[in-house]
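Just below is one structure, and these are the notes that go with it.
Here, each number is a calculation from the coordinates, and none is a lab measurement. What you see is a predicted model; the values in this text were computed from it and never measured. Please note: Cβ atoms are built from the backbone with ideal geometry, for glycine as well, and neighbour counts cover all protein chains shown.
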Amino acid sequence: MALPIVAIVGRTNVGKSSLFNRLAGRKLAVVEDFPGVTRDRVYSQAELDRRMVILVDTGGIVGGEGDELFAKVKDQAARALREADVIIMMVDGQEGPTDLDHEVADIVRRSGKPYVLAANKMEKTSLDSEDFLSLRLGLPVNISAIHGRGLLDLVEDVEALLPPEEEPESQREGELAVAIIGKPNVGKSALTNAILGEERVIVSEMPGTTRDAVDTPFEYRGEPWRLVDTAGLRRRGKRKDTEFYSSLRTLHALSRSQVALCVFDAFEGPSAGDARVAGEAHEAGRALVLVANKWDLLKQYAQPTEDFPDLKPSKAEKMLKSDLERLLRDEMPFASYAPLVFTSAQTGEGIEELLAVTRRVADNFQRRIETGPLNRLLRQAVTRHAPPTRKGRQLKVLYGTQVRTGPPTFALFVNDPTLMHLTYERYLVNCLRREYDFEGTPLRLLVRARRREKEGG
């Protein structure tokens, strides 16, 4: 199912970015102690307590009307508010309610969306937030985004307002859901049409034609599939307002898909923008296939010419593919597990191979390893390469078990999780990949402390 959207709004410099970073679990938004730092909406998937959401940070929603930049930020924040399922309105608990807070509160009330009022910077328990009752949004939840105080209460209130969870549509119908993602104008819609064998999606040479995520069901070898053709992603600093909506819908598409086909232009070659798009799928935990589209434009250079009459097309094509893959792997080292397929939406070349590879990585995405074989592999891995030590203490991998699929996720129980180094975690993941077919799917390791039995039990 599509993830619900939670937008953090408020006037400038009340701590919206700090709260976003805290809830998202990583430092994505710029945090500075002066107003107006966050100019564009920043978004991320975030796990609250029981629910996954798309969290949206915004600039100030009112104020600075005389400044062109502030006017644009205000408009973006208002758009994010209209897109949201739940709104967190933030105020500065130390300053008390201001005229700008009253303006924001009026906008929030008129939106008709569920909301939670949060009074930030309440590090001192002696501070009183009852003055914010004048905003007519109820009594605020007192929090300190910097120190993490009160966030459990805030998350609980937000989750109570989220729309009810629904059974994922793809699981209910037994479909394989595949999202087609990529920068604008790399041929995503044309590729969709080539897969379907008919023009079901509008194709245009103008970048950004596809604004919405379009679901198209079809059958492949008697199996129900659903293609989700999404709008192109741009670098955050260059997105227009409509492109922000497209980006959110891309995240929606990833959240309700098992496999992402990341399309890039083979003729132009992979870029940092392509890597960022693939990174969206990787971070979302989707199975991933890299698609070098427009291969027909590139392979024409593998044909004999007057200057090179003895050129062997098959050998030259192989070299071109090898060079392009090397460039791709250098640009996307995090996606080394993802297979690469060369396609031409115009000629249909590679489409059948793409579908077969997609089916295979979807199976790997749901692969489950029994606990016995898994722990034998872990013991062998530890024997071959001893775990690291820190300050005289050595990491001990006690046992492991697979806790979920889609993507395959393994819990490793150790003597002390702080002793697990990132390089050793990568080593264990590589051991899993060498032993089992996990092509096309990311793997997750959850490092946990050993459960201690109660004494005398």
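Some points to look at:
- LEU176 long-range amide H proximity, modeled H, under 5 Å: TRP225, ARG226
- Taken along its three principal axes, the alpha carbon spread of region 337-416 comes to 61, 25, 19 Å, from the longest extent down to the shortest.
- Entries of LYS183/LYS321; LYS16/LYS113; LYS188/LYS315; LYS113/LYS188; LYS16/LYS188 with Cα pairs more than 25 Å apart: LYS188/LYS315; LYS113/LYS188; LYS16/LYS188
- Packing, as the average of other Cβ atoms within 10 Å across residues, places the peptides 314-322, 401-409 in the order 401-409, 314-322, highest first.
- Peptides ranked, highest mean first, by Cβ atoms within 10 Å: ranges 351-362, 101-112, 181-192: 181-192, 351-362, 101-112
- Bins of 5 Å, starting at 0 and running to the largest distance - Cα pair percent for region 371-449: 3, 15, 29, 29, 16, 7, 2, 0
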